[in-house]
Amino acid sequence: MKMVLSQRQREELNKAIADYMLSNGYNEALDSFKKETDMPGEIDKKYSGLLEKKWTSVIRLQKKVNELEGKLSEAEKEFISGAPTREKRSPGEWIPRPPEKYELSGHRAPVTRVIFHPIFSVMISGSEDATIKLWDFETGDYERTMKGHTDSVQDVALDKDGKLLASCSADMSVKLWDFQTYECIKTMHGHDHNVSSVAFLPTSDYIVSSSRDKTIKMWEVSTGFCVRTYTGHREWVRMVRVSLDGNLLASCSNDQTVRVWAAGGKDVKCEMRDHDHVVECIAWAPESATQAINEAATAAAGGDNKNSFSHVGPFLASGSRDKSVKVWDVSTGLCLFSLLGHDNWVRGISWHPGGKYLLTASDDKSLRVWDIQHRRCHKRLDAHTHFATSLDFHRTQPYVVTGSVDQTVKVWECR
């Protein structure tokens, strides 16, 4: 058998073997080995223990090589199937991935609100250009413009079947539109200032609106009459949202509070103060989020699972100009935990239908996905070239839409 070692390597190996024999006291073998290899005199110090050293390092390196090869093949698999292995993720864990699927332009002023239609593949955007635009989010096509407001459209909302659209505006009116004919069927006056938010009750027979006149009003859809006015906020009421069962209203305001009202009465159930600046947006948590919220609340309280108190909810998330996002237990009025990370005002907020994540849009131009259970930012997407004002997560399909002061509407696919 031919040796693959060079002459010099051979001599070094021989000396290392000789040293090994010497240190282990195999003297007879050593003498005959020296004779056979023509090795002169003493063995150099540098060869002491060399054989054992090489012997063990070969095994160690082999192990390392195997490990790295395993990692590489894993990475290759991941690379082929796109993003962190998609096969392993259930739809409850799908989140928006860059880049955006569509960037839609057409508005001539900042986009103030974006929402998905619950049934059609349509989304709706409202803008400071006083128009409402409809887009197809599957094809990226512009569909139509609905005109009627005379000042900035602040919010748009659909009833649960998507047959009626409500919009509100800085022109102090609330409008109802037939979403089959796209005609304006009612215009409701009653607020004394900019109307900043509008929402349907689940039964679709009432809508609520909030205004810079510090009030919240409830309107009957069939007649267009104002049936109730909720007073209590000391400043501009930025947003009003109806709980999933329709029994509660949540509102947030420039007075830095979040309030919860009984929809049927006029009384405030609780007033939540923890933000240090204007509260811009709120969102009721879906049932599916209860477990993650409880785990996060337990961890935030520093408790262990043995004596953890289980919060029953309902839960509400709020985003503020103090750059924080807070999650509240409405039954007790307590702030359970905060999510910090945005570098500017938080303007838009929406829960992931799966309940594990909360999405926010901010004036730092980003869209963030928060991992509720671990109370940390799970993903940050550089969404727009200017402030991101609004976002919506489709309830049944893997899409997110964002709107911005850069006048664009962007559609993001989730996976």
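The values are calculated or read from the model by the stated rules, or taken from the named source; none is laboratory data. Everything quoted here is computed from the prediction, not taken from an experiment. Note that each Cβ is placed from the backbone with ideal geometry, even for glycine, and that neighbours are counted across all protein chains shown. In case anyone asks, the SASA skips ligands and DNA or RNA and just uses the protein heavy atoms, side chains included. Shrake-Rupley method; radii C 1.70, N 1.55, O 1.52, S 1.80 Å.
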Which of the residues that make up the range 31-49 are under 21 Å from Gln7 (Cβ atoms) and part of a helix (DSSP H, G or I)? Phe33, Lys34, Lys35, Glu36, Thr37, Lys46, Tyr47
Residue among Glu12, Glu52, Glu28 that is of a type in the set (Asp, Glu), part of a helix (DSSP H, G or I) and under 60 Å from the mean Cα position of the chain (by Cα): Glu52
Name the residues in the range 150-193 that are in a loop (DSSP other than H, G, I, E, B), touching a Lys or Arg at 6+ places or on another chain (Cβ under 8 Å) and open to solvent by 40 Å² or more (accessible area, probe 1.4 Å), would you? Gln180, Tyr182, His193
Taking strands (runs of 3 or more DSSP E) that do not extend beyond the range 347-415, which have at least 3 residues that are surrounded by fewer than 18 Cβ atoms within 10 Å (Cβ to Cβ) and at pLDDT below 95? 376-382
For the range 194-213, how many residues meet the condition of being part of a loop (DSSP other than H, G, I, E, B) and without any contact (Cβ under 8 Å) to a residue 24 or more places away in the chain? 2
Total residues in the range 327-366, condition among the hydroxyl-bearing types (Ser, Thr, Tyr) and in contact with a Ser or Thr (Cβ under 6 Å, 6 or more places away or on another chain): 1
Select from the range 331-346 the residues that are aliphatic (A, V, I, L, M) and open to solvent by 10 Å² or more (accessible area, probe 1.4 Å) and write down the one among them that is farthest from Gly403 (Cα to Cα). Leu334
Would you pick out the residues in the range 225-252 that are assigned to a loop (DSSP other than H, G, I, E, B), closer than 27 Å to Ile185 by Cβ and open to solvent by 30 Å² or more (accessible area, probe 1.4 Å)? Phe225, Leu244
Is there a residue being part of a helix (DSSP H, G or I) and closer than 19 Å to Lys53 by Cβ anywhere in the range 2-9? yes
Considering only the range 90-115, how many residues are open to solvent by less than 40 Å² (accessible area, probe 1.4 Å), part of a loop (DSSP other than H, G, I, E, B) and either aliphatic (A, V, I, L, M) or at pLDDT below 95 (or both)? 3
